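Read through the structure below, which is laid out as structure tokens, and then see the notes.
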Amino acid sequence: MIVLEVLLLAVLICCALATVLGRGLVSSVILFMSYSAVMSIIWFLLQSPDLAVTEAAVGAGVTSLLFFLTLRGIRGRKRRGEDEG
Amino acid sequence: MKDNPQWLERVIQWAAGQEQEGPEGPEDPERQEFQEYLEYIDAHGYMEFGAYRYMRRRERAALGLDAVTEAIHNPPHQPNPPKPQHRPRRRPGLLRRQLWVYRVLSVGVALCLAVIFTAVALSLPGFGETDVPALNEVAQRYLERGMEETGAVNAVTGLILEYRAFDTFGESAVLFAAAVSTALLLNAPGRRLRNYRGPDPVLSTLGRSLLPVILLFGVYVVVNGHLSPGGGFSGGAVLGAGLILASLVLGEEEMDRLLPQRTMSRATTLALLAYGLMKGYSFFTGANHLGGEIPKGTPGAILSGGLILPLNLCVGVIVACTMYTFYTLFLSREE
Amino acid sequence: MLEAILQQRYYITAVLLFTIGFVTLFLHPNLLKKIIGLNLMDTAVFLFLAAMGYVEGGVAPMLEEGQEWTAYINPVPGGLVLTGIVVAVSTTALFLALTQRLYRRYHSLNLDEILILARSGEEKH
């Protein structure tokens, strides 16, 4: 059990480092999604199933989607060279 | 990690803020011109960006070129050398000097904090021990008498919606405020809806078949919040994610017909008002609302726990609507 | 020493994540990366709180008649973190909206460049 916990925590730190050091923004956001997924497993190990459900829906779902939409909005704007009027 | 020097070099580059941009780094003409401007002031000293642009336009006019029709990022008198895809970004000397102190200081502060926190973490009472100060009489009261006082089997739900219902009202108000300010920031007057039906039939069909299951699970988590793990916050998040999936699978036009933005904001406001009305009496009587005016029912039955079930529904509606509102606002901005 | 670190593994992880997020928030010039760093700091604090509430051998607080209160984990951090996660999303959405507005004005996500442009008082169109 303790081996699994240490393994998951190590994966968590690796995910965080890769998110931060990664070169591309899209890959960073995807790594942040996997970070949230690992985090929700850890909530389950800490006997907090409600936190696990919330983290899975919110961290891996909604937050990452908002990041993706922001990136897409910025790129779409870039293509057309639109400007604030 | 085998190639240690290269990896180390990346980290040093990162810490110095000289990281190379990835393939999705911004590439618009404005930015190209700005890069040239940065290199110019690095070589020739500081100059206002507007003045630089004016100077370049004058230069081009002197060369007999039409400054209006000419593409800014491709000045003919300076043929663009074939730039490498990931060329290292340069920072103007002025800013570099100013930022140097800032970077060193922030690394120092971060290291000090890390050392202090690690020392504290190592001297805290051991993880998982029972005689920690956090496990005091408050937790004991909630766990020992929670079921008879709140009627909820799930102690966490009983805690946030009965003992600490006032704080939860504030948190719901924070969600509402965040949704309203995002709407103000991203308000797009002429919004075009697209009927996007997913990239391919496999994903679309899979999403369609998953959708009812996810929505049903969300409703289950909200309604069973006082009996099993979950509650308004967890179930509302699941429901919000389900609504976003529905918008992806069914298309925005269809979703806008089923659940227009106006309905979402009305539902949020109504749920917040209902929460305030249900708990309002206790806010005025000194927040001591464990009197038992409302029958608690048998713990374990679905209709039990006094006001916890309707409060869970309110919180679930607020959270789900806020998540979906964020999604629609961010989506409408890119058209 | 190693034993102590293994014993306090959750706290040490929380400290490391907090430091990673802190350094990113202060050093990375890209606004989106800064927001990700802030999110990392958030989750580090949540991890610390939830680990504080864990009791060895305790189960999730689904109360049963005739059960000793020491058989459960502490529900107080659970309630705190549950609301915290949802509030963290809404603040992230607000930051992202502000970032989009900045991009619309300055055509850049790089905070240093935005600062130069803002200082030079450049008004577009």
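What to note about this one:
- Helices (runs of 4 or more DSSP H) wholly inside chain A that include at least 3 residues being modelled with pLDDT of 90 or more and within 30 Å of B:Asn187 (Cβ to Cβ): A:25-45, A:64-80
- Top-ranked residue in region B:138-163 [being more than 7 Å from chain C (Cβ to nearest Cβ) and modelled with pLDDT of 85 or more; ranked as most open to solvent (accessible area, probe 1.4 Å)]: B:Arg141
- Test: residue in region C:90-107 that is of a type in the set (A, V, I, L, M), within 30 Å of A:Gln47 (Cα to Cα) and facing chain B (nearest Cβ under 7 Å): yes
- Here C:Leu38, C:Leu102, C:Leu115, C:Leu94 are screened, and the one residue that is out of contact with any Ser or Thr (no Cβ under 9 Å at 6 or more places or on another chain), surrounded by fewer than 20 Cβ atoms within 10 Å (Cβ to Cβ) and not in a loop (DSSP other than H, G, I, E, B) is C:Leu115.
- Some residue of region B:125-137 being surrounded by 20 or more Cβ atoms within 10 Å (Cβ to Cβ), at pLDDT below 90, assigned to a helix (DSSP H, G or I) and within 9 Å of chain C (Cβ to nearest Cβ): no
- Selection of first residues in region B:244-256 that are more than 13 Å from A:Leu65 (Cα to Cα) and of second residues that are open to solvent by 40 Å² or more (accessible area, probe 1.4 Å) and among the hydrophobic types (A, V, I, L, M, F, W, C), restricted to Cβ pairs under 7 Å at least 6 apart or on distinct chains, gives the following pairs, ordered by first then second residue: B:Glu252/B:Leu193; B:Glu253/B:Leu193; B:Asp256/B:Leu193.
- B:Glu59 being under 30 Å from A:Ile74 (Cβ atoms) and at pLDDT 60 or above: no
- Residue list for region C:52-69, restricted to those being at the interface with chain B (Cβ under 7 Å from one of its Cβ atoms), of a type outside the set (Ser, Thr, Tyr) and buried (at least 16 other Cβ atoms within 10 Å of the Cβ): C:Met52, C:Gly53, C:Val55, C:Ala60, C:Pro61, C:Met62, C:Leu63, C:Trp69
- Residue check, A:Leu71 within 9 Å of chain B (Cβ to nearest Cβ), in contact (Cβ under 8 Å) with a residue 40 or more places away in the chain and surrounded by fewer than 22 Cβ atoms within 10 Å (Cβ to Cβ): yes
The values are calculated or read from the model by the stated rules, or taken from the named source; none is laboratory data. The structure presented is a predicted model; accordingly, all values stated were derived computationally and were not measured. No Cβ is skipped: glycine too gets one built from the backbone with ideal geometry, and neighbour counts run over all protein chains shown. When the accessible area is computed, the model is the full protein with side chains, heavy atoms only, and any ligands, DNA or RNA have been set aside. Shrake-Rupley method; radii C 1.70, N 1.55, O 1.52, S 1.80 Å.
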